[in-house]
């Protein structure tokens with residue numbers, strides 16, 4: 001009788017692991033169902049029809065309780081990630097920055113990075129590949145709240 005209880009417990013643990021830990025229909029779920037089916041078969045074979053029927057009913061009730069418990073919303077709320085994203089899009093004042101303004105890169109533009117243009121520090125995008133920090137850049141285009149820059153060509 002202890003073997004039947006062990007098979008039932010093992011089956012429930014494997015099915016619970018399949019539902020909560022391992023996505024999809026995989027080995028753990030199949031082994032869990034096989035373990036519970038094996039407990040029914042063993043009960044019928046070793047202890048007769050009455051005990052086999054009781055074990056089958058117990059298995060069905062335990063599976064039903066497990067499914068109801070797993071499908072409740074509170075169970076999934078405990079497992080869900082409840083992190084709020086509080087970052088915001090950086091808007092810039094178009095009156096401060098215009099095409100033709102110059103500035104200096106603060107970070108590497110590969111192709112996105114940060115530059116100081118006038119008094120404003122904002123995120124910019126390079127038109128010509130990678131630009132290292134500390135390089136003078138010129139605003140060549142402003143489109144959809146995105147500033148495009150290119151390195152300033154110094155004529156010495």
Query raised in the report: Tally time: how many residues in the stretch 114-133 are farther than 20 Å from residue 144 by Cβ and surrounded by 16 or more Cβ atoms within 10 Å (Cβ to Cβ)?
Result: 1
Query raised in the report: Restricting the stretch 94-113 to residues that are surrounded by 13 or more Cβ atoms within 10 Å (Cβ to Cβ) and under 11 Å from residue 137 (Cα atoms), which is nearest to the chain's Cα centre (by Cα)?
Result: 109
Requested in this report: Quickly run through the stretch 18-34 and pick out the residues that are closer than 17 Å to residue 64 by Cα and within 19 Å of the chain's Cα centre (by Cα).
Outcome: 18, 19, 20
Query raised in the report: Looking at (1) within 37 Å of the chain's Cα centre (by Cα); (2) at pLDDT 90 or above, which is the one condition that is false for residue 55?
Result: (1)
Query raised in the report: in contact (Cβ under 8 Å) with a residue 12 or more places away in the chain and more than 30 Å from residue 8 (Cα to Cα) - does that describe any residue in the stretch 72-89?
Result: yes
Report summary line: Those residues of the stretch 136-146 which are under 32 Å from the mean Cα position of the chain (by Cα) and either exposed (fewer than 13 other Cβ atoms within 10 Å of the Cβ) or at pLDDT 90 or above (or both) amount to 143, 144, 145
Query - So residue 38, is it in contact with a helix residue (DSSP H, G or I) (Cβ under 9 Å, 6 or more places away or on another chain), buried (at least 16 other Cβ atoms within 10 Å of the Cβ) and either under 30 Å from residue 152 (Cβ atoms) or modelled with pLDDT of 80 or more (or both) - result: yes
Query raised in the report: Within the bounds of the stretch 46-66, is there any residue that is at positive phi and surrounded by 10 or more Cβ atoms within 10 Å (Cβ to Cβ)?
Result: yes
Requested in this report: Identify the single condition in (1) modelled with pLDDT of 90 or more; (2) not in a loop (DSSP other than H, G, I, E, B) that residue 133 does not satisfy, given that it satisfies every other one.
Outcome: (2)
Query - Residue check, residue 17 surrounded by 17 or more Cβ atoms within 10 Å (Cβ to Cβ) and touching a helix residue (DSSP H, G or I) at 6+ places or on another chain (Cβ under 6 Å) - result: no
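The values are calculated or read from the model by the stated rules, or taken from the named source; none is laboratory data. These numbers come from a predicted model, not from an experiment. FYI the Cβ positions are ideal-geometry reconstructions off the backbone, even for glycines, and counts take in every protein chain you see.
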